[in-house]
Amino acid sequence: MQRTLGVCYYPEHWPEARWADDASRMAGLGLTHVRIGEFAWSRLEPRRGQFEFDWLARAIDTLHAAGLKVVLGTPTATPPKWLVDEMPDMLPVGADGAVRGFGSRRHYDFSHQGYLEESKRITLKLAKAFGAHPGVTAWQTDNEYDCHGTTLSYSPAARAGFQAWLQRKYQSPDALNRAWGNVFWSMEISDFSEIGLPNLTVTEPNPAHVMDFRRYASEMVVRFNRAQADIIRAHSPGRDVIHNFMGRTLAFDHFDVGRDLDISSWDSYPLGFLEDRSDQGDDWKRRFVRAGDPDFQAFHHDLYRATSKGRWWVMEQQPGPVNWAPHNPAPRDGMVRLWSWEAFAHGAETVSYFRWRQAPFAQEQMHAGLLRPDSTEAEGFAEAAQVARELRALDGTLDESAGRADAAIVFDYPSAWAWEIQPQGHEFDYFRLVFDFYRSLRRLGLSVDIVPASAPELDGYPMALIPGLFAWTPELIEAIRGFQGQLLIGPRSGSKTDDFAIPDTLPPALQKDLLDLRVSRVESLRADTPVPISGGGTFQFWREFLEAGADVETVLSAEDGVPGLAKQGFLHYLGGWPDPELMRIVLQRLAADAGLKTRDLPDGVRLRRHGLHVFAFNYGETSFDLAELGWTGEPVLGARVLQPSGVAIVAVAGAGS
Ligand code: GAL
């Protein structure tokens, strides 16, 4: 596999006379890919039907002539003013009922049929014009679906689309009334046209109503993306179709969108995310303020690798301070390089920096690029150049037999919607729960694969975790039945039916031969009233009362005597949200039973195994000697003593080394 670097470039922002120099500097830096075009609609079609593609053709020619491979974006995240004026009802509507207007980006509604057609029209034009260009090697559909919270729109178009979707799903109003439990509070309807959107109700709407709306909205994103992907495939054969996903964004099912992509990518802004997307306390944020969370990027690398069957990129990598978080510090020296290598450790094909040159105008003028606005090299430039040199030096020497990771975590977007709809306790957030498990596995030095609940391939993993799953899928039950490793289920897994009701047999609603256990009661907990567990650690935020059958062994109990971890054969059920200490105890135990070797890594040190190499990263502020892990040889890259921001690649004998 070739690992490559790229950059995001906006030829329309710069005088044409600069393009050739920019292109040759990119190539000189060691970049091979350049993404362009994704916001350029007003320059491609300034008025309906007046297509001005010549400049884009010249830009692609210029980049191609410098040896760069172009990723061409469809410009549908930024519909031009004339189009919005033609059909103002294409604008999205917020949950507060207010129209979200023109003047920034993503001002469209996924349900709007007219806009869907417009997006197909411009995609077709571009695909026909540039699909066969030898310089265009891939396409990006749109830009960051759901950015600025745009999956959900409460528009007339969404309402009509939702009603039709419900009619197809339930066939009759009675079936819908039954499924949703509409007898409660006299919410019954007698015609699908009576169904509204679940906003602007007096108090909370029916969770089943919201859940269906979330499913519908997710399908609209899938539909929108698929329409573009189909057109591109028809007119640009042999090119990869890519979309750039975001961090901690769960509003649509990325596995479903990923099925229509050749390559998943995501946009990685470690310092911005630490500031505005982390649940960690201030102390943690202070410690990693210039390094980013040691697990956040890794989690998304593993997640998005799973959304398109393995091929994935970082489409946008933070190169310096960004502009959009509450505070926007500069990365510590070496971190731009470290983040790039962390992506490669998880199997990325390409890491592409955002952006080439800092724009002196408009919304993102405070966002760093590889170049400053005056075209001199910004700090990130030298780090990108170093990564390029290192990639060249290592070319062909790294083991490519990635294989299975140590542990699998089942991830499920509908579960994220469900617990957002009905958290039952302030802290109950699906991402947070899954990420806590993920972090704990990383801390133990384990490598993780993420697998979708809708298509769970668990074979071959020594251990697997299914935390917080809303409702079982038949595929998942089958995978559990065939699973040979150690399995941990819970908390809250299988606690609802697909219709958002409590299962008749009570959670976790597994057949008795798998797990003869019932959750008889649950409680959510204030952060300052955790439940201590005998042997160490606590349940925080959430705990369950377990009633176990004769074949079930209690492994751990709370100090009040209530079972906390139960076990039947290889299957464990965890009846609460473990704090970091309990998490370590539980996962270490499972890993030992699974025959995995674990470590106790410092907060800032992380490992990722890839075939017969282990990549080591130091996000912390003190050095770490890899000899402490038993590795005394010379790393393939970097030094045995990992300095802060250090990266090392170590050749190991086998998975357990
Ligand atoms: C991304 C987006 C880019 C740019 C960048 C700034 O979310 O895709 O267009 O806005 O953030 O960090």
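List of remarks:
- Most simply put, the chain has about 45% antiparallel DSSP beta bridges, counting only bridges with both residues inside it.
- Size of charge dipole - the stretch 346-406 - debye, nearest 20, with Cβ of Lys, Arg +1 and Asp, Glu -1, no other charges: 240 debye
- Length gained when the stretch Ser104-Asp603 is fully extended (0.36 nm per residue, less Cα-Cα span): 175.7 nm
- Percent accessible area from carbon and sulfur atoms, the stretch 32-261, protein chains only, probe 1.4 Å: 53 percent
- Which listed pairs, of Lys69/Lys125; Lys309/Lys496; Lys309/Lys512; Lys567/Lys597; Lys81/Lys125, have C-alpha distances above 23 Å, in listed order: Lys309/Lys496; Lys309/Lys512
- 5 Å binning of all Cα-Cα separations within the stretch 525-583, expressed as whole percents from 0 upward: 4, 21, 32, 24, 12, 6, 2
- Placing unit charges on the Cβ atoms of the charged side chains and taking the dipole of the stretch 255-406 about its Cα centre, the candidate lying farthest along the positive direction among Trp324, Trp313, Ala368 is Ala368.
- Carbon plus sulfur fraction of accessible area for the stretch 591-657, probe 1.4 Å, in percent: 49 percent
- Prolate/oblate/rounded label for the stretch 32-261 (Cα gyration tensor, a/c 1.5): prolate
- Accessible area of the stretch 454-509 belonging to carbon and sulfur atoms, whole % at 1.4 Å probe: 50 percent
- Efficiency of FRET from Cβ geometry, Leu506 and Phe361, R₀ 56 Å, rounded to 0.05: 0.40
- Only helical runs count toward this figure. For the chain, summing -39,500 (n - 2.57) over DSSP H runs of n ≥ 4 and dividing by all residues gives -9500 deg cm²/dmol at 222 nm.
- Net length available on complete extension from Leu514 to Ile189 is 113.0 nm, with 0.36 nm assigned per residue and the Cα-Cα distance removed.
- Where a label projected 7 Å from the Cα of Thr497 along Cα→Cβ would reach, residues of the stretch 449-474 with amide N under 13 Å: 472
- Packing rank of 560-566, 293-299, 465-471, 244-250, where each peptide gets the mean count of other beta carbons within 10 Å, highest leading: 465-471, 293-299, 244-250, 560-566
- Summed over the residues of the stretch 382-484 and divided among them, the accessible surface reaches 35 Å² per residue at a probe radius of 1.4 Å.
- At a probe radius of 1.4 angstrom, the accessible area of the stretch 220-305 per residue rounds to 28 square angstrom.
- Coordinate range along principal axes, alpha carbons of the stretch 605-654, Å, largest first: 29, 18, 16
- Cα shape, the stretch 407-593, gyration tensor, a/c 1.5 rule: rounded
- Length available on full extension from Val641 to Ala330: 0.36 nm per residue minus the Cα-Cα distance, which gives 109.5 nm.
- Shape category assigned to the stretch 541-657 from the gyration tensor of Cα positions, a/c cut at 1.5: prolate
- If you plug the beta carbon distance of Arg286 and Gln171 into 1/(1 + (r/R0)^6) with R0 = 51 Å, you get a FRET efficiency near 0.35.
- Spread of Cα-to-Cα distances over 20 Å intervals beginning at zero, given as percent, for the chain: 18, 50, 29, 3
- Local electrostatic count at Val71 - Lys and Arg +1, Asp and Glu -1, tallied over other residues with Cβ under 11 Å: +1
- On the principal axes of its alpha carbon atoms, the stretch 1-69 extends 42, 28, 17 Å, with the longest extent given first.
- For the stretch 489-619, the solvent-accessible area works out to 39 Å² per residue, with a probe of 1.4 Å and every protein chain left in place.
- Net charge in the neighbourhood of Arg178 (other residues with Cβ under 11 Å of its Cβ; Lys, Arg +1, Asp, Glu -1) is -3.
- The alpha carbon centroids of the stretch 16-60 and the stretch 574-598 are separated by 51 Å.
- As a length-normalised measure over Cα pairs under 8 Å and 6 or more apart, the relative contact order of the stretch 605-654 settles at 39 percent.
The values are calculated or read from the model by the stated rules, or taken from the named source; none is laboratory data. Every value quoted in this text rests on a predicted model; they were computed, and no experiment measured them. Reconstructed Cβ throughout: ideal geometry from the backbone, glycine too, with neighbour counts over all protein chains shown. We work out accessible area using only protein heavy atoms, side chains counted, and drop any ligands, DNA or RNA first. Shrake-Rupley method; radii C 1.70, N 1.55, O 1.52, S 1.80 Å.
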